[in-house]
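The values are calculated or read from the model by the stated rules, or taken from the named source; none is laboratory data. Source: prediction; values computed, not measured. Every residue, glycine as well, gets a Cβ built from its backbone with ideal geometry; the counts of neighbours run over all protein chains shown. Heads up: the accessible areas ignore ligands, DNA and RNA and are worked out on the full protein's heavy atoms, side chains in. Shrake-Rupley method; radii C 1.70, N 1.55, O 1.52, S 1.80 Å.
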Amino acid sequence: MKIIIKHTPALVFSMVLSTNIFLIANTHALEPLAENELQQVLGQGGVYLSGDITINESGGPLNNTADASNPGIWQKNCTASSTDKRCGARIAVNSGDGASSGWLVLDNIRGRFSFEGLTLKTRPINSGFEGDGAIFDADVFEVGLPNKVNYSNVSFTLANSNKARPTDANFVQTDILNVKVNGDVNLRGNVLLFPTGNP
Amino acid sequence: MIPNIKLLVFMTVSLSSNVVLSDLISLEDTELSHVDGAGIGIVLEDFVFEAGESVDGGNTFDIGGLKTSSGGDVVLSISQLYIAGADSNQGANVINNPVNIGRLTNPFNLELIDGNDVGVANKAVFEFAAPKTLNGSRLSERPDMGIRFDLEIDGNRAQSLEAHVQKLSIDGSYLRLWGGNGRTEGEIAFNINTPQIDFFACDAAGNNCGETVTFSGVDITAQLGSGDFQPVTFEVLSEGQFVFDVASLQGKCASVNVSGGCSAGSGGFTELNEFYTSGPRADIRIDDVTVGGTSFGSSTITNLQIQYLEVRSRDL
């Protein structure tokens with residue numbers, strides 16, 4: 001099964017999900033299951049995910065240069081030769097302190113991330129971890145990291161800005177740094193999540 | 001730490017579909033008070049992280065945006081950024097050298113805590129905390145981390161710089177955030193311990209490395225801010241500049257005496273007295289600093305207390 005979602009307003013992404021469905025033919029009549037038989041049925045095995053996400057590869061909806069008659073739309077040249085590209089997604093955060101405050105911005109977020117083999121499952125731990133496992137003796141939620149994450153022309157800019165949107169009046173922005181990643185990143189191991197305290 | 005607030009209450013009600021043998025019974029206050037919303041523990045198991053050009057040939061991992069005084073672009077081109085197990089040999093032994101970070105019995109913790117326990121009156125406080133120092137991370141659970149990057153100025157690779165930290169422990173560190181005075185306020189504690197940090201520079205190809213600057217036995221304990229008495233704030237001003245601020249103590253004392261101190265018994269005296277006797281402070285100890293094998297001896301800074309700090313960015 002392949003699901004492709006395209007052309008959402010702010011970002012364009014496609015995800016491929018693989019599912020195996022087993023159908024078991026049964027020639028017997030239906031019979032009720034006893035309580036103790038049902039208890040033997042375990043829903044387990046977890047989930048194996050592969051993902052491929054592309055964000056704002058060729059600019060977002062604000063970058064619609066086709067409609068020159070609409071001045072409300074913020075237009076910048078997003079082509080490869082452009083020296084002032086602002087094509088990516090933008091996240092602006094205001095930490096408060098009234099009307100005089102500004103915004104911390106992650107701007108120009110674009111590129112493609114892909115990974116294969118992110119697993120999600122629960123797992124009991126009652127041994128190992130240099131003796132901690134036996135003391136812990138409980139279930140954890142395990143996120144199995146995908147070993148390799150591939151970045152393809154992923155970039156973003158960290159900036160300070162006086163307005164949330166570049167379309168706002170008197171917009172001023174100071175870029176602090178740009179990060180560009182292209183290629184593989186090794187990310188191995190498991191992230192274990194569990195409740196703490198004394199519930 | 002056992003939070004007093006009831007953050008999350010999950011109630012699972014099972015109803016038998018055909019025969020209901022019992023009615024729903026209301027829960028008493030005493031029963032509900034035993035339901036305790038606790039935090040989320042996080043442990044990294046067999047963890048390895050490695051990014052940069054050296055992972056697979058042809059990768060790029062660039063940090064740009066800096067300029068030289070003459071306007072040339074400065075790019076930090078990261079060759080290797082790694083987190084791995086101990087004895088990584090300055091990033092040579094990474095991929096088959098995993099590490100557990102955090103302990104199942106003492107994990108990294110994400111939690112909403114009662115502000116009254118941490119000097120923030122009548123508020124819920126978000127806390128992200130590293131493992132506690134009591135029964136803290138074992139030596140085998142302390143990762144090696146490091147970075148190798150090339151300095152590229154105006155398109156020319158100038159130099160390769162390296163920094164490697166061995167067996168890093170951040171046990172006892174935390175970040176607390178809460179909403180106060182219409183903004184985000186916080187308190188930060190660093191508790192950094194490492195037997196060795198190395199810095200050195202090589203030529204553009206990563207060869208002919210210079211002398212190594214080594215910090216041995218580094219122990220840094222620093223707390224910035226103190227609850228809502230002296231909160232830390234992170235803000236961006238309306239002109240687009242970043243400000244990091246540790247609040248001033250000015251005006252905390254209701255009555256200043258002739259010698260400039262706070263009059264005993266006046267408003268704020270108790271809090272100020274507590275601030276100066278057991279308030280936030282920084283202690284830094286480095287057992288030995290060596291440059292190219294020559295020892296410069298140990299250095300220690302203790303009882304450094306910040307009364308006011310403001311860091312503000314400016315356009316050049």
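So, in Å, what gap is there between the alpha-carbon centers of the stretch B:81-103 and the stretch B:210-287?
Value for the Cα centre distance between the two parts: 35 Å.
What is the calculated FRET efficiency for B:THR270 to A:VAL93, with r their C-beta to C-beta distance and R₀ = 25 Å, to the nearest 0.05? Write down the numbers at each step before the final one.
Numbers: r = 36 Å, r/R0 = 1.46.
With a Förster radius of 25 Å, E is 0.10.
Which percent of the accessible area of chain B is formed by carbon and sulfur heavy atoms (probe 1.4 angstrom)?
That share works out to 54 percent.
Per residue, what accessible area does the stretch B:39-312 have, given a 1.4 Å probe and all protein chains present, in Å²? Don't skip to the answer; put the middle values down first.
Details: 12860 Å² over 274 residues.
I get 47 Å² per residue for the stretch B:39-312.
Tell me, what is the percent relative contact order of chain B, built from C-alpha pairs under 8 Å that lie six or more residues apart?
12
Hey, what's the stretch A:87-130 come to in accessible area per residue, 1.4 Å probe, Å²?
50
Peptide A:171-177: average number of partner chain Cβ atoms within 10 Å per residue?
4
In the stretch B:274-316, which residues become less accessible by 20 Å² or more once every protein chain is in place, relative to the chain on its own, using a 1.4 Å probe?
For the stretch B:274-316, once contacts with the other chains are taken into account, B:ASP315 lose 20 Å² or more.
Which whole number in µm²/s is D for the stretch B:39-312 by Stokes-Einstein, with the Kirkwood Rh taken over Cα pairs at 25 °C and 0.890 mPa s? If you can, show how the numbers build up before the last one.
On the way: Rh = 21.7 Å.
For these conditions, the coefficient is 113 µm²/s.
Can you tell me which aspartates and glutamates have their Cα less than 12 Å from the Cα of B:LYS132? Leave out same-chain residues fewer than eight positions away.
Hits, sequence-local ones excluded: B:ASP171.
Measure out, as a whole number of angstrom, how far apart the alpha-carbon centroids of the stretch A:109-126 and the stretch B:119-163 sit.
Each part's Cα centre sits 23 Å from the other's.
How far is helix B:269-278 tilted, in degrees, relative to the longest principal axis of the Cα atoms in chain B, given as a value from 0 to 90 rounded to the nearest 10?
Helix B:269-278 and the main axis of chain B meet at about 50 degrees.
Projecting each Cα onto the charge dipole of the stretch B:39-312 (Lys/Arg +1, Asp/Glu -1 at the beta carbon, about the Cα centre), which of B:GLN166, B:TRP178, B:GLY71 comes out farthest on the positive side?
It is B:TRP178, whose Cα lies furthest towards the positive end.
Please compute the net charge surrounding B:GLN90, taking Lys and Arg as +1 and Asp and Glu as -1 over other residues with Cβ under 14 Å from its Cβ. Show your work: numbers first, answer last.
On the way: positive: B:ARG148, B:LYS167; negative: B:GLU50, B:ASP87, B:ASP144, B:GLU162, B:ASP198.
Taking every other residue near B:GLN90 into account, the sum is -3.
Rounded to the nearest 100 Å², what is the sum over both chains of accessible area buried where B meets A, with a probe of 1.4 Å?
Values: alone 18950 and 14660 Å², together 29640 Å².
Using a 1.4 Å probe on protein heavy atoms, the buried area is about 4000 Å².
Past 27 Å, Cα to Cα, is the threshold; run A:LYS163/B:LYS252; A:LYS148/B:LYS67; A:LYS121/A:LYS148; A:LYS163/B:LYS67 against it and keep the listed order.
A:LYS163/B:LYS252; A:LYS148/B:LYS67
Order the peptides B:76-87, B:245-256, B:202-213, B:117-128 from the highest to the lowest mean number of other Cβ atoms within 10 Å of their residues.
On the way: B:76-87: 20.4, B:245-256: 14.7, B:202-213: 12.9, B:117-128: 16.6.
Highest-to-lowest ranking by the protection proxy: B:76-87, B:117-128, B:245-256, B:202-213.
7 Å from Cα along Cα→Cβ at both B:ASP203 and B:LYS67: what's the point-to-point distance in nm?
With each label point 7 Å from Cα toward Cβ, the separation is 3.3 nm.
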